[in-house]
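Engineer: I am attaching a structure below and will ask some questions about it afterwards.
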Amino acid sequence: MNTFIESFLELIYPEKNICCMCDIYDETIDDKYICADCERKIKKIIPPYCIKCCKPINYSSSTNLCPDCISFEKFFEESRSPFLYEGIIKKGIYNLKYYNKPYYLRYFGNALLQYMNDNDYNNFDYIIPVPLHPLKLKSRGYNQSELIAKYIAKKLNITFIDGISRIKQTGKQSTKSKEDRRRSLENAFKIKKSKKYHILKNSTILLVDDIYTTGSTANECSKALLDYGISKVYVITIAR
Ligand SMILES: [Zn+2]
Ligand SMILES: [Zn+2]
C-alpha cells in the first residue's frame, strides 16, 4: 500500500492490526481488534441459559430459569451477556475499566453490537448506562459502562441518556457476599432530577453495564427505572 495512505490510516486507526487482549501485531487482525488465538480462548455463553439472567444452565427445567431467578424477583425483563466472565475476557474488562484505550471499547462495543444483532436484541427507545458514584467517577476519570452505552447507542441510532444517578457509595462489591451486596445496593440509584428525563416514562430501556455478577446492580437500577414510570427494562452486559 502507498506509504502515505498507510501512515494516514495509522493516524486514524492507531490500533488497527493490534490484538486488544495480547498486544500482538498481525495484519490479519485488521479492525477486529483481536487475534485468532485470543478469539479461540474466549468463552461465549451459548444455550441453554436462564431466560431471565443468561446464566448457563445445564438442565432443562420447565421454567428455564436459574435457581436465583426462581427465588428472587427480578425487575428487568431479560439480561443478556455474550461472554463468560473469565480468562481473557476478565482481563480485557479490567483493561477497559482502568486503561482508557479506544481499542478495548471498540472491541467490546462491536462484540455487543454483533450479539444484539444476532439475537434480535435491539428494540429499545433509549440506552442508559449503570452510573458510578460521583466520587468514584472523579477518581477513575470515566465510566466504562457509559462509554460502551454511548458507543452502541450511536451505532444503533438509539438515543443515549445518562439518566440514573448513584446516590449511595457502596464500596468494593466483589468482596461482599451475595446477601450483603443485595442489601448495600438497596435504593442506591435514582433517576436524575430534571424535567428532561420525563421522556423516559412509558418507554423501553436498554440498561448497559460491564459485568453481571449477582444481578443486584442491574436489579436495583431497573427498580428505580420502573418506579419512575419506565415500562420495561432490558439489560446487557459484556460478561457474566
Ligand atoms: Zn491476541
Ligand atoms: Zn437467572
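Engineer: If you check I205 against the conditions, is it touching a helix residue (DSSP H, G or I) at 6+ places or on another chain (Cβ under 9 Å) and either of a type in the set (F, W, Y) or under 18 Å from L132 (Cβ atoms) (or both)? It would help to see each step written out before you state the result.
Structural biologist: On the way: touching a helix residue (DSSP H, G or I) at 6+ places or on another chain (Cβ under 9 Å): yes; either of a type in the set (F, W, Y) or under 18 Å from L132 (Cβ atoms) (or both): no.
No; evaluated as a whole, the condition is false for this residue.
Engineer: Enumerate the pairs (first residue in the range 107-131 and within 20 Å of N219 (Cβ to Cβ); second residue anywhere and surrounded by fewer than 23 Cβ atoms within 10 Å (Cβ to Cβ) and among the aromatic types (F, W, Y)) with beta-carbon separation below 6 Å, excluding pairs fewer than 6 apart on the same chain, so at least 6 apart or on different chains.
Structural biologist: Hits for this filter: I127/F160.
Engineer: Here is a further query. Give the range 225-240 a look and list any residue that's among the hydrophobic types (A, V, I, L, M, F, W, C) and either open to solvent by 30 Å² or more (accessible area, probe 1.4 Å) or closer than 15 Å to I161 by Cα (or both), or say none. Quick ask: steps written out before the conclusion?
Structural biologist: Within the range 225-240, the subset among the hydrophobic types (A, V, I, L, M, F, W, C) is 225-226, 230, 233, 235-236, 238-239.
Of everything in the range 225-240, those that are among the hydrophobic types (A, V, I, L, M, F, W, C) and either open to solvent by 30 Å² or more (accessible area, probe 1.4 Å) or closer than 15 Å to I161 by Cα (or both) turn out to be L225, L226, I230, V233, V235.
Engineer: Of these, T213, T217, which one is within 13 Å of I164 (Cβ to Cβ), hydroxyl-bearing (S, T, Y) and surrounded by 15 or more Cβ atoms within 10 Å (Cβ to Cβ)? Steps first, please.
Structural biologist: Numbers: T213 fails: within 13 Å of I164 (Cβ to Cβ).
None of the others qualify; the one that does is T217.
Engineer: Looking at the range 177-205, which of its residues are under 21 Å from the mean Cα position of the chain (by Cα) and charged (D, E, K, R)?
Structural biologist: Correct list: K178, R181, R182, E186, K190, K192.
Engineer: On to the next question. Checking the conditions here, which among T237, T204, T175 is more than 19 Å from F76 (Cβ to Cβ) and among the polar types (S, T, N, Q)? Show your work before the answer.
Structural biologist: On the way: T237 fails: more than 19 Å from F76 (Cβ to Cβ); T204 fails: more than 19 Å from F76 (Cβ to Cβ).
T175 is the lone residue from the list that is more than 19 Å from F76 (Cβ to Cβ) and among the polar types (S, T, N, Q).
Engineer: Can you report the number of residues in the range 104-153 which are surrounded by fewer than 17 Cβ atoms within 10 Å (Cβ to Cβ), part of a helix (DSSP H, G or I) and polar (S, T, N, Q)?
Structural biologist: Here the count works out to 3.
Engineer: With the structure loaded, tell me whether K52 is among the basic types (K, R) and in contact with a strand residue (DSSP E or B) (Cβ under 8 Å, 6 or more places away or on another chain) or whether it fails that test.
Structural biologist: Working: among the basic types (K, R): yes; in contact with a strand residue (DSSP E or B) (Cβ under 8 Å, 6 or more places away or on another chain): yes.
Yes, satisfied.
Engineer: Kindly check whether there is at least one residue in the range 51-74 that is of a type in the set (F, W, Y) and at pLDDT 95 or above. Quick ask: steps written out before the conclusion?
Structural biologist: Keep residues of the range 51-74 that are of a type in the set (F, W, Y), which gives 59, 72.
If we keep only those that are at pLDDT 95 or above as well, we get none.
No, the conditions are met nowhere in the range 51-74.
Here is a yes/no grid of residues against (1) within 16 Å of ligand 2 (Cβ to nearest atom); (2) within 23 Å of S145 (Cα to Cα):
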{"position": "D30", "(1), (2)": "no, no"}
{"position": "D37", "(1), (2)": "no, no"}
{"position": "K74", "(1), (2)": "yes, yes"}
{"position": "L84", "(1), (2)": "yes, yes"}
{"position": "I89", "(1), (2)": "no, yes"}
{"position": "Y104", "(1), (2)": "no, yes"}
{"position": "F124", "(1), (2)": "no, yes"}
{"position": "I128", "(1), (2)": "no, yes"}
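The values are calculated or read from the model by the stated rules, or taken from the named source; none is laboratory data. Note that this is a predicted model, so its numbers are computed, not measured. Backbone-built Cβ (ideal geometry, glycine too); neighbour counts: all protein chains shown. Surface accessibility is based on the protein's heavy atoms, side chains included, excluding ligands, DNA and RNA. Shrake-Rupley method; radii C 1.70, N 1.55, O 1.52, S 1.80 Å.
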